[in-house]
Amino acid sequence: MRFAWNRLEHQYWRHWRTTGASAATGSARPGTAKAWGAHLPFHPELPTWAMDAGADMCLVSVHKMGAGFEQGSVFHVQGDLIDRARLKLCADLLVTTSPNVLLYAAIDGWRRQMVESGHELLGSALQLAKHARDELGRIPGISVMDDELLGAEASHDLDRLQVLLYVSATGASGYQVVDWLRENRRIDLGHNDHRRVLATLSIADDDTTVGALIDALTAWRVEAVDAQAPKMYLPHPRELQLTSVLLPRDAFFGPCERVPIGEAPGRIAAEQVTPYPPGIPVIVPGELIDRGVVEYLRSGIAAGMNVPDASDPTAETLRVVTG
Ligand SMILES: Cc1ncc(COP(=O)(O)O)c(C=O)c1O
């Protein structure tokens, strides 16, 4: 079944929280978000697959680490703790009535490919990732993040196909690195922020693509010897937690107006604003906007931050509740 992932996730969790789990047992063994984990079940050197770890349900975007077409998200359910009828009701609120058979075919094709040759394909990709990690780590000022990510906060294991490069010591921001790679080498890296860039490798990569990445970053480093990242206001994540003063629905559907972002502190948001990455909204409708969030967004956007859902993509103005 294909669905709008975040919204189903949200529906499911809201239901889960309000009912205290979906089954009579009220077990606290939740489902998990595995958007980037479609490939995990198919190679033992990859982190444990949520369902193997005993989750009752997990959500997966096959188009991310699998070979599905975009919008090919699925959920997996096992055991009897999840009320499947309720889950289907949630999904039915969101799914299209005109499913695209190509999406289903790609999901099934990927499943078959993984069953038949997933171990071999992923094994080669992991070898390539090791090579990329070794070579990229030799570039001065670039650190390839690895074990230091483990055991911190809630982290348990690392998918080494995700090659996360910490670039601050070069003086540049992650935004500057990806812009340079796109403009000069036609290489598009999916995720980046002020300090990091992420190269996501997959079964589609080979010596040529990985070689091009190593070569490009080596060339960038020579050229960007005096790089200077624009200053960004980075409050502690706690400071980015705004207070909700109105129901999101009332804020979004009620009377609203657009104001210059500098005038937004003290006003109630009527839209959602989500820097991506990390893909977590800093503002949702109904929250009281404060100066810290505004400075974070302003300085971030000036530095290259991507805010895909803001109604004004430049975020020079924000949609706020009238009055
Ligand atoms: C953690 C996480 N969850 C959910 C999503 C959204 O998934 P989809 O592309 O299936 O809408 C993303 C997308 O990047 C993600 O990173």
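Okay, here's what the table says:
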read-out	value
Those residues of the stretch 226-274 which are buried (at least 18 other Cβ atoms within 10 Å of the Cβ) and either touching a strand residue (DSSP E or B) at 6+ places or on another chain (Cβ under 6 Å) or among the basic types (Lys, Arg) (or both), in sequence order	Leu242, Ala251, Cys256, Ile261, Ala264, Arg267, Ile268, Ala269, Ala270, Glu271, Val273
Which numbered condition Gly79 misses (of (1) within 20 Å of Thr32 (Cα to Cα); (2) within 14 Å of the ligand (Cβ to nearest atom); (3) surrounded by fewer than 19 Cβ atoms within 10 Å (Cβ to Cβ))	(2)
Filter result (away from the ligand (no atom under 14 Å from the Cβ) and touching a Phe, Trp or Tyr at 6+ places or on another chain (Cβ under 9 Å)) within the stretch 93-104	Asn100, Leu102
Residue count, the stretch 59-76 (criterion: assigned to a strand (DSSP E or B) and more than 11 Å from the ligand (Cβ to nearest atom))	1
Search result, residues across the stretch 34-57 that are within 11 Å of the ligand (Cβ to nearest atom) and buried (at least 20 other Cβ atoms within 10 Å of the Cβ)	Lys34, Gly37, Ala38
Which numbered condition Ile107 fails, given (1) β-branched (Val, Ile, Thr); (2) within 16 Å of the ligand (Cβ to nearest atom); (3) more than 23 Å from Gly190 (Cβ to Cβ)	(3)
Matching option when the condition is away from the ligand (no atom under 16 Å from the Cβ), assigned to a strand (DSSP E or B) and either in contact (Cβ under 8 Å) with a residue 24 or more places away in the chain or not assigned by TED's automatic domain parsing to the domain that holds Tyr175 (or both), among Val320, Val294	Val320
Test: residue in the stretch 147-156 that is out of contact with any strand residue (DSSP E or B) (no Cβ under 6 Å at 6 or more places or on another chain), part of a helix (DSSP H, G or I) and among the aliphatic types (A, V, I, L, M)	yes
Residue check for Tyr175: closer than 30 Å to Ser299 by Cβ and in contact with a Gly (Cβ under 8 Å, 6 or more places away or on another chain)	yes
First in the stretch 95-122 and farther than 15 Å from Glu70 by Cα, second anywhere and aromatic (Phe, Trp, Tyr), Cβ under 9 Å, 6 or more apart	Met114/Phe42; Val115/Phe42; Gly118/Phe42; His119/Phe42; Leu121/Phe42; Leu122/Phe42
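The values are calculated or read from the model by the stated rules, or taken from the named source; none is laboratory data. Computed from a prediction, not measured in an experiment: that's the story for all the values here. Every residue, glycine among them, receives a Cβ derived from its backbone with ideal geometry; neighbour counts consider all protein chains shown.
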